[in-house]
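Enquirer: Before we start, here is the structure in question, set down as structure tokens.
Rule-based calculations on the coordinates, nothing more; no lab input. Quick caveat: nothing in here was measured; it's all calculated off a predicted structure. Note that we place each Cβ from the backbone using ideal geometry, even for glycine, and neighbour counts take in every protein chain shown.
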Amino acid sequence: MQDERAKKHSRKMFNRIASRYESTMAGRHSDRMKKAALRCLDHNVRGSVLDVGCGPGLLLSTLAAQFPHLQLAGLDIAPEMVKVAQGRLGDRADIRLGESESLPWTDASFNYIFCIDSFHHYPNGRKVLREFRRVLTRDGHLFLADPTAPFLLRAILNSLVGLMRMGDVQMYDRRKLTILLENSGFTSIQWQASGSWGFVASAVAA
């Protein structure tokens, strides 16, 4: 019940701001996370990319411009975000409405997955990461960028997120996320700070 409540709050908030996302605080933070994640990407990129929690399609639009040969796909829980992303990308990307815990693609469909400023909204992070591993090819790459905070502040925020009704579930630290990634079939895990309030974790599907 609590999981569904968090998803409902996320869906409601992101539906509300879909048409003006770039100008919101959430959109500006996501843009910083997006740029940090893209800096981790090898320039010899090929194959297919999935953006989970794709929002209005800004990351996919950037990838489409930089790598015209890539196959692109995106998923979001908010119908209004999906509409904006589809309008922005047209036939260039396969944008679908859905949930990260049950990705609507077959096994080993993608060479890369991005999850930008979205993972802290997911009630079952372990299940999501196992889905990421399932749809990635062997040796496929995951780039996960998300907010974090120092230990004490993070603990306080994690205890309050349910009251904020924004769909947030929890912030992760390096140790906890690394354990989740390892237990979900990922190796070569790297962690890079992105300012004082964010990180990019990259990993390879074993």
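Enquirer: Where a Cα-Cα gap under 18 Å defines reach, which lysines qualify for residue 7, not counting those fewer than 8 residues away within the same chain?
Expert: Of all the lysines, those that pass the test against residue 7 - Cα under 18 Å, at least 8 places apart if same chain - are 127.
Enquirer: Take every DSSP beta bridge with both residues inside the stretch 2-205 and express the antiparallel ones as a percent of the total, to the nearest 5.
Expert: Among the beta bridges of the stretch 2-205, antiparallel pairing accounts for roughly 40 percent.
Enquirer: Provide 7, 12 in ascending order of the number of other Cβ atoms located within 10 Å of each residue's Cβ, fewest first.
Expert: Result, fewest neighbours first: 12, 7.
Enquirer: Which one of 125, 48, 170 is farthest out on the positive end of the charge dipole of the chain, using unit charges on Cβ (Lys, Arg +1; Asp, Glu -1) and the Cα centre as origin?
Expert: In the chain, that residue is 170.
Enquirer: Return the calculated 222 nm mean residue ellipticity for the chain, to the nearest 500 deg cm²/dmol, obtained by summing -39500 (n - 2.57) across DSSP H runs with n ≥ 4 and dividing by the residue count.
Expert: Helix contribution divided over all residues of the chain: -13000 deg cm²/dmol.
Enquirer: Right, next: Just how large is the dipole of the chain about the Cα centre, in debye to the nearest 20, putting +1 at every Lys and Arg Cβ and -1 at every Asp and Glu Cβ?
Expert: Computed charge dipole of the chain: roughly 380 debye.
Enquirer: Regarding the chain, what whole-number volume in Å³ per residue does the convex hull of its Cα atoms give?
Expert: 109
Enquirer: Right, next: Assign one of three labels to the stretch 1-122, namely rounded, prolate or oblate, based on the Cα gyration tensor with a ≥ b ≥ c the square roots of its eigenvalues; rounded applies when a/c is under 1.5, prolate when it is not and a/b is larger than b/c, and oblate otherwise.
Expert: prolate
Enquirer: Hey, with R₀ at 22 Å, roughly what FRET efficiency would residue 25 and residue 174 work out to, going by the Cβ-Cβ distance, to 0.05?
Expert: In this case the efficiency is close to 0.35.
Enquirer: Moving on. Under a cut-off of 20 Å between alpha-carbon atoms, report the aspartates and glutamates in cross-link reach of residue 176, not counting same-chain residues fewer than 8 places apart.
Expert: Within reach: 3, 101, 117, 131, 146, 168.
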